Ligand code: ZN
C-alpha cells in the first residue's frame with residue numbers, strides 16, 4: 001500500500017483552502033495525526049522509514065523531533081531504530097531542548113518530522129541540538145511536500161528548502177501538491193478564505 005493511500009484511507013488528506021505554517025496557501029492539507037492515531041500504522045510507517053535509513057548505513061544515536069508535529073513520528077522512528085528519543089519545543093518562539101534531555105558532544109542525531117515542507121522547524125531543532133554539541137547527521141519525515149530533495153527520489157530541491165544540502169533526508173513519499181503565496185493563490189482569487197488547519201475542528 002502506498003503512503004498516499006494510507007493518508008486517504010485515514011481521511012488525513014484534506015481538501016479545501018488551507019493556510020500552511022509556511023504562510024503559503026494550498027488546496028490540500030496532510031493531517032498526519034489522523035494517520036498516526038492508529039499505533040500499528042505509525043509502527044508500520046516508522047519501520048519502513050527505519051529500514052531505508054539502515055540501508056543507507058548511517059549511524060544514529062538519537063532521534064529528536066520538533067514538537068508538536070514531529071512527536072509521534074519521531075517516537076515511532078526511534079522505537080523502530082532502537083535508539084534514544086528526545087524532542088525540541090518552541091519556547092518564546094525559539095526551538096529549545098528542555099525537560100532534562102542531555103546531548104553528548106558529537107552525539108549523532110536524526111531530526112524527525114511528520115511532514116517536511118520547507119523544513120523550517122526541523123532546521124531550528126537541528127540548531128538547538130548543535131548548540132548543545134550534538135551532530136545532526138540526517139533528517140527524516142513520513143512524507144516530503146516536494147520542496148526538498150529526499151534520498152531515492154528525483155524530485156528536485158527548490159530554493160525555499162531550508163534543509164542543509166549536504167545532510168541526507170529520508171522520507172517515504174513525495175506529496176507534490178501545488179502551493180501558492182497568498183498574493184498569487186487562485187483559491188483566494190476565487191473569493192474563498194484560507195483556514196488554518198486545526199482551527200475549525202480539523
Ligand atoms: Zn488562498
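Can you give me the C-alpha center-to-center distance between segment 91-165 and segment 1-57, rounded to a whole angstrom? Centre-to-centre distance over Cα atoms comes out at 17 Å. In the chain, the DSSP beta bridges split such that about 35 percent are antiparallel, to the nearest 5. Each residue, residue 1 and residue 37, gets one label point 7 Å from its Cα in the Cβ direction; the gap between the two is 1.5 nm. With helices as the sole contributors, the chain gives -8000 deg cm²/dmol at 222 nm; each DSSP H run of n ≥ 4 counts as -39500 (n - 2.57), and the sum is divided by every residue. Ordered by the number of other Cβ atoms lying within 10 Å of each residue's own Cβ, fewest first, 44, 19 fall into the sequence 44, 19. Sorted fewest first by neighbouring Cβ atoms within 10 angstrom, 159, 61 come out as 159, 61.
Axis of helix 39-56 versus longest Cα principal axis of the chain: the two differ by about 60°, to the nearest ten degrees. Under the criterion of Cα pairs below 8 Å and six or more residues apart, the relative contact order for segment 101-202 equals 25 percent.
Kirkwood radius, segment 32-189, all distinct C-alpha pairs, inverse of mean reciprocal distance: 15.8 Å. Each Cα pair under 8 Å and six or more residues apart adds its separation to the average, and for the chain the resulting relative contact order is 22 percent.
Every number here is computed from the coordinates shown, using simple stated rules; none is lab data. Everything numeric here is computed off the predicted structure, so don't read it as measured data. For neighbour counting, all protein chains shown are included, and Cβ atoms are generated from backbone atoms with ideal geometry for every residue, glycine included.
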